[in-house]
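J.: Sharing a structure with you now.
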Amino acid sequence: MERNYVGAIAAINEINALFPDAYRVEVNTPKYIQSTQDELVAKCTKCNEETNIAELHIFDLLLTTVNSIILNKETEKAWICKSCETINMREKTRMIRREHKKPNYDGVIAEPPERVDGIQGRTEYHNNMVKWFYDALEELDHQLGKYRAEYKPAEWEEDANYQGDEDADRD
């Protein structure tokens, strides 16, 4: 609200620094982008194995003379399934889009946005900063919830047992 961007970045970093190493959120923009991207996979026509399209090696497959005459082209785009080694034609391959889960709690946040000079840069920076701040805060809140659920101090358990025994003696 006050546009104290440096303070907002410092607050996120300070909250993150308070967590034990096992609960600390990683600040890594490429990893964050990868975890929030939708995934497009190709399904093999023989074994139904799914392969991320980024991992496909697409090549030009020479067609037989008969197929070349029928299709009126000499080659067709194809890829080979890594599981069963079947040649799949790209045009006949079923593509499936897998949307990333929302909300996205992967223990990673992007680095804060960088400010660009100029009027447009200020408006865009403010909008990017607000989005980054609340995304980072949501991830930190999730980590805090996990930490609270798993953390029980030894003194608290001893005190709880001690008070319970005292109440039993009164009856």
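J.: Can you tell me which residue is surrounded by the fewest Cβ atoms within 10 Å (Cβ to Cβ) among those in region 89-142 that are among the hydroxyl-bearing types (Ser, Thr, Tyr) and closer than 27 Å to ASN52 by Cα?
T.: Looking at residues that are among the hydroxyl-bearing types (Ser, Thr, Tyr) and closer than 27 Å to ASN52 by Cα, I get TYR105.
J.: Search region 108-137 for residues that are assigned to a strand (DSSP E or B) and pair each with any residue that is surrounded by fewer than 14 Cβ atoms within 10 Å (Cβ to Cβ) when their beta-carbon atoms are under 8 Å apart and the residues are at least 6 apart or on different chains.
T.: VAL108/GLU26; ILE109/GLU26
J.: Right, here's the next one. So which strands (runs of 3 or more DSSP E) stay within region 1-79 end to end and still have 1 or more residues that are in contact (Cβ under 8 Å) with a residue 60 or more places away in the chain, charged (D, E, K, R) and farther than 14 Å from THR93 by Cα?
T.: Filter on region 1-79 gives 39-43.
Let's see how each residue does on (1) under 26 Å from the mean Cα position of the chain (by Cα); (2) at pLDDT below 90; (3) among the hydrophobic types (A, V, I, L, M, F, W, C); (4) over 29 Å from ARG24 (Cα atoms):
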| site | (1), (2), (3), (4) |
| --- | --- |
| ALA54 | yes, yes, yes, yes |
| HIS57 | yes, yes, no, yes |
| SER68 | no, yes, no, yes |
| CYS84 | no, no, yes, yes |
| ILE96 | yes, yes, yes, yes |
| LYS102 | yes, yes, no, no |
| GLY107 | yes, yes, no, no |
| GLU111 | yes, no, no, no |
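J.: Run ALA8 past the list (1) of a type in the set (A, V, I, L, M); (2) touching an Asp or Glu at 6+ places or on another chain (Cβ under 8 Å); (3) surrounded by 15 or more Cβ atoms within 10 Å (Cβ to Cβ) and report the number of the one that doesn't hold.
T.: Every listed condition holds for ALA8 apart from (2).
J.: From GLU2, GLU14, GLU85, grab the single residue that is of a type outside the set (Lys, Arg), under 18 Å from GLU138 (Cβ atoms) and exposed (fewer than 13 other Cβ atoms within 10 Å of the Cβ).
T.: That would be GLU14, the only listed residue that is of a type outside the set (Lys, Arg), under 18 Å from GLU138 (Cβ atoms) and exposed (fewer than 13 other Cβ atoms within 10 Å of the Cβ).
J.: While we're here: Any residue at all in region 115-135 that's among the charged types (D, E, K, R), within 30 Å of PRO30 (Cβ to Cβ), at pLDDT 90 or above and not assigned by TED's automatic domain parsing to the domain that holds ASN16?
T.: No: zero hits.
J.: While we're on this one: Give me the pairs: first residue in region 81-101 and under 13 Å from VAL41 (Cβ atoms), second residue among the acidic types (Asp, Glu) and in a strand (DSSP E or B), beta-carbon distance under 6 Å, and six or more apart or on different chains, which are they?
T.: Between residues of region 81-101 that are under 13 Å from VAL41 (Cβ atoms) and residues that are among the acidic types (Asp, Glu) and in a strand (DSSP E or B), the close pairs are ARG98/GLU39.
So that you can scan it fast, the table gives a plain yes or no per residue for (1) out of contact with any helix residue (DSSP H, G or I) (no Cβ under 9 Å at 6 or more places or on another chain); (2) within 30 Å of ASP135 (Cα to Cα); (3) not polar (S, T, N, Q):
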position: LYS46; (1), (2), (3): yes, no, yes
position: LEU56; (1), (2), (3): no, no, yes
position: PHE59; (1), (2), (3): yes, no, yes
position: THR64; (1), (2), (3): yes, no, no
position: GLU74; (1), (2), (3): no, no, yes
position: ILE80; (1), (2), (3): yes, no, yes
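J.: If you check ALA22 against the conditions, is it modelled with pLDDT of 90 or more, within 27 Å of the chain's Cα centre (by Cα) and closer than 30 Å to ALA136 by Cβ?
T.: No, not satisfied.
The values are calculated or read from the model by the stated rules, or taken from the named source; none is laboratory data. Predicted model only: the values in this text are computed from it and were never measured. Cβ sites come from the backbone with ideal geometry, for glycine too, and all protein chains shown count toward neighbours.
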